[in-house]
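The block underneath contains the structure these notes are about, expressed in structure tokens.
The values are calculated or read from the model by the stated rules, or taken from the named source; none is laboratory data. Model, not experiment: these values are computed from the prediction. Cβ: placed from backbone, ideal geometry, glycine included. Neighbour counts: every protein chain shown.
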Amino acid sequence: MFINLYGWYKMSTTVHKLLIHGSDIMNSLPLPLGQLSEDVLEASHKLYKNLRLFHSRKTSRINTNTDILN
């Protein structure tokens, strides 16, 4: 649609990648786009903090990280 309406305007490479190839990129992602947002990362930080504080040994960093990951 952009090319049909504004064929006289030279599209930048960034806009071209977004408009022309954006759907292909999103379809090739293994996760839904919403799961790649920062909110999901912040939620997992809360989870790991809770695991670290209440469900892990605090004798060393190695033991703590081992308990969190297992």
Worksheet item: Which one is farthest from Thr66 (Cα to Cα) among residues in the range 1-54 that are charged (D, E, K, R) and assigned to a helix (DSSP H, G or I)?
Response: Lys17
Fill in: Check on Ser12, modelled with pLDDT of 85 or more, among the polar types (S, T, N, Q) and touching a helix residue (DSSP H, G or I) at 6+ places or on another chain (Cβ under 6 Å)
no
